[in-house]
Amino acid sequence: MNPLPTVAVVGRPNVGKSTFINRMVGAREAIVHDMPGVTRDRLYMRTDWNGRDFVVVDTGGIVPGTDEELLQSVEQQARVAIEEADVIVFIVDGEAGVTPVDEDVANLLRTTKKPLILAVNKLDNVTEDPKASEFWSLGLGEPRPISSMHGLGIGDLLDEIVGGFPPPSEEPPPEELRIAIVGKPNAGKSSLTNALLGHERMIVSPVAGTTRDAVDTRLEVNGKVYVLVDTAGIRKKARVDFGVEQFSVVRALKAVDRADVVVLVIDGVEGVTEQDQRIAAIAEDSGKALVVAVNKWDIVPKDTHTMASYRKILEEELRHVKWAEVVFISAKTGQRIDQVLEAAERAAEENSRRITTGVLNEVISEATTMNPPPASHGKRLRIYYASQAVTNPPTFLMFCNEPKLVSDHYKRYLENKIREAFGFSGTPLRLVFRPRRDRG
Ligand code: GDP
Ligand code: GDP
């Protein structure tokens, strides 16, 4: 995966770096856990502008001491920025004018070939903009007047920052899609596996799995590689006596854990059983994408069960995973088994989808306006803003006054609103409520 573009903010203490960064990222918390190479003494904050996701690096850590120490630490900060950032923003203080430290830092920054933006802060009124021209002397190009405190010039600056990023790389399609086929005994797991593998267009080769007894099978369809997780167990089963090998929950858990997508095979004649519900719960808990395959459709009496009526029943009986796509197949005749892979593909995509913060917050604020959170014990839940922290599964941080005021009912309401707006068919979602912590 390509790392997100990064912006580093450099400048002397008190020029307004924190104020500027707060403007850029809002009061969002540093969200770092899905990023490689995170260093402790820096804060990495994820945000977006004009649909481009990026990370703001707050190099921080400057303790003003003697002028010499101050210079050293600002220079250190500038080096970090030159090394790590895609775009550097150098902030100076328009009230204070050019200082010797600014000049030294400018000398250092001039050595980089990276896009560099010189922002002259604390110009709180447009009439003060001409003050910025003094900073031409730093030799870093056109000084941009801004007021971080009043939000002046920030949008234009963000446009420029985002314009300095490398062009968005076309995300290469995921190398392979790992599928765990699970279900109770006799639902048709091995039949489905064999049907998929028996397909003419497929090249089949066994690969060693990570657990001792699990063997995965790799297959290729239309140039796309799929790995069926723990197929050995499933295929072997077809040769042993009927019912001898009990469906092992532990085994299913392990397979689910190693997969991107879970395909839950249901015996269409028998309908949903308690065991199916338990396996569906495993998929939901794991955060993995899920496809429900109603098998044996060739012998399901069509006069009593149309697909539509069957779907209704499933929605009720598998309501915890009613977001899952349902396909009606016959492993025996091969009917619609291609749709299993297609649905798995779609579900995996949704599982790793990311929503930009702006659009997400529009949806959440509309939802809370239409149906305000209920009050409890005289207090009302307030949701200030939301941000998608990670994918697989899509996880939304909801910053609010008091997380304990969130009822299950209201949480479900918000999840439904997110699904209405963005789809996310085939994937579980997580909503995490956090108390707001103001920065700066
Ligand atoms: P940092 O040390 O560079 O992170 O600077 P801060 O963001 O902590 O700001 C230092 C001081 O400058 C604070 O008192 C801010 O309120 C003030 N400040 C920041 N931006 C502006 C601005 O645009 N205009 C004015 N007038 N003051 C600002
Ligand atoms: P597993 O225990 O889940 O692996 O189930 P199997 O694949 O061994 O299938 C159990 C039984 O159901 C076998 O007798 C299969 O022939 C039968 N079966 C599986 N899929 C279908 C199907 O789509 N249609 C029909 N009619 N029978 C099926």
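Of everything listed in (1) part of a strand (DSSP E or B); (2) open to solvent by less than 40 Å² (accessible area, probe 1.4 Å); (3) at pLDDT 90 or above, the single unmet condition for residue 418 is (1).
For the stretch 156-167, indicate whether the set of residues that are in a strand (DSSP E or B), modelled with pLDDT under 90 and not β-branched (Val, Ile, Thr) is non-empty.
No, the conditions are met nowhere in the stretch 156-167.
Does the stretch 99-109 contain any residue that is in contact with a Leu (Cβ under 8 Å, 6 or more places away or on another chain) and either farther than 15 Å from residue 74 by Cβ or within 16 Å of ligand 2 (Cβ to nearest atom) (or both)? Checked against the condition, which is being in contact with a Leu (Cβ under 8 Å, 6 or more places away or on another chain) and either farther than 15 Å from residue 74 by Cβ or within 16 Å of ligand 2 (Cβ to nearest atom) (or both), the stretch 99-109 yields no hits at all.
For every residue, the table says whether it meets (1) more than 16 Å from ligand 1 (Cβ to nearest atom); (2) polar (S, T, N, Q); (3) over 25 Å from residue 410 (Cβ atoms).
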{"position": "315", "(1), (2), (3)": "yes, no, no"}
{"position": "323", "(1), (2), (3)": "yes, no, no"}
{"position": "344", "(1), (2), (3)": "yes, no, yes"}
{"position": "349", "(1), (2), (3)": "yes, no, yes"}
{"position": "352", "(1), (2), (3)": "yes, yes, yes"}
{"position": "357", "(1), (2), (3)": "yes, yes, no"}
{"position": "368", "(1), (2), (3)": "yes, yes, no"}
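Within the stretch 142-154, can one find any residue that is in a helix (DSSP H, G or I) and either more than 13 Å from ligand 1 (Cβ to nearest atom) or touching a residue at least 24 places away in the same chain (Cβ under 8 Å) (or both)? Yes, the stretch 142-154 contains a residue that is in a helix (DSSP H, G or I) and either more than 13 Å from ligand 1 (Cβ to nearest atom) or touching a residue at least 24 places away in the same chain (Cβ under 8 Å) (or both). Taken together, the residues in the stretch 69-126 that are open to solvent by 50 Å² or more (accessible area, probe 1.4 Å), within 25 Å of residue 44 (Cβ to Cβ), in a helix (DSSP H, G or I) and in contact (Cβ under 8 Å) with a residue 24 or more places away in the chain amount to 2.
One line per residue, one yes/no per condition, for (1) touching a residue at least 24 places away in the same chain (Cβ under 8 Å); (2) crowded, with 17+ Cβ neighbours inside 10 Å:
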residue	(1), (2)
369	no, no
388	yes, yes
392	yes, no
427	yes, yes
430	yes, no
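On the stretch given as the stretch 348-357, residues that are over 18 Å from residue 420 (Cβ atoms) and open to solvent by less than 40 Å² (accessible area, probe 1.4 Å) total 3. Summed over the stretch 286-302, residues that are modelled with pLDDT of 90 or more and over 12 Å from residue 351 (Cβ atoms) total 9. Can you find even one residue in the stretch 351-364 that is among the acidic types (Asp, Glu) and either farther than 24 Å from residue 426 by Cβ or touching a helix residue (DSSP H, G or I) at 6+ places or on another chain (Cβ under 7 Å) (or both)? No; the residues of the stretch 351-364 include none that is among the acidic types (Asp, Glu) and either farther than 24 Å from residue 426 by Cβ or touching a helix residue (DSSP H, G or I) at 6+ places or on another chain (Cβ under 7 Å) (or both).
Only a single criterion out of (1) within 16 Å of ligand 2 (Cβ to nearest atom); (2) touching a residue at least 12 places away in the same chain (Cβ under 8 Å); (3) open to solvent by 10 Å² or more (accessible area, probe 1.4 Å) is not satisfied by residue 198, namely (2). Selection of the stretch 109-143 for residues being modelled with pLDDT of 95 or more, among the β-branched types (Val, Ile, Thr) and under 19 Å from residue 165 (Cβ atoms) yields only 117. Of the residues making up the stretch 331-379, those that are among the charged types (D, E, K, R), at pLDDT 90 or above, more than 19 Å from residue 219 (Cα to Cα) and over 17 Å from the mean Cα position of the chain (by Cα) are 332, 362, 366.
Please count how many residues of the stretch 403-415 are under 14 Å from residue 284 (Cβ atoms) and crowded, with 17+ Cβ neighbours inside 10 Å.
1
Just checking, does the stretch 331-347 include any residue being within 28 Å of residue 50 (Cβ to Cβ), of a type in the set (S, T, N, Q) and in contact with a strand residue (DSSP E or B) (Cβ under 7 Å, 6 or more places away or on another chain)? Taking every residue of the stretch 331-347 in turn, none turns out to be within 28 Å of residue 50 (Cβ to Cβ), of a type in the set (S, T, N, Q) and in contact with a strand residue (DSSP E or B) (Cβ under 7 Å, 6 or more places away or on another chain).
For residue 52, the conditions (1) at positive phi; (2) surrounded by fewer than 21 Cβ atoms within 10 Å (Cβ to Cβ); (3) modelled with pLDDT of 80 or more all hold with the exception of (1).
If I filter the stretch 285-322 down to residues being in contact (Cβ under 8 Å) with a residue 40 or more places away in the chain and within 25 Å of the chain's Cα centre (by Cα), which single residue comes out as surrounded by the most Cβ atoms within 10 Å (Cβ to Cβ)?
Among those that are in contact (Cβ under 8 Å) with a residue 40 or more places away in the chain and within 25 Å of the chain's Cα centre (by Cα), it is 289.
The values are calculated or read from the model by the stated rules, or taken from the named source; none is laboratory data. From a predicted model like this one, the values you see are computed outputs, not experimental measurements. Cβ atoms come from the backbone with ideal geometry, glycine included; neighbour counts cover every protein chain shown. Surface areas here come from the heavy atoms of the whole protein model, side chains and all, with no ligands, DNA or RNA. Shrake-Rupley method; radii C 1.70, N 1.55, O 1.52, S 1.80 Å.
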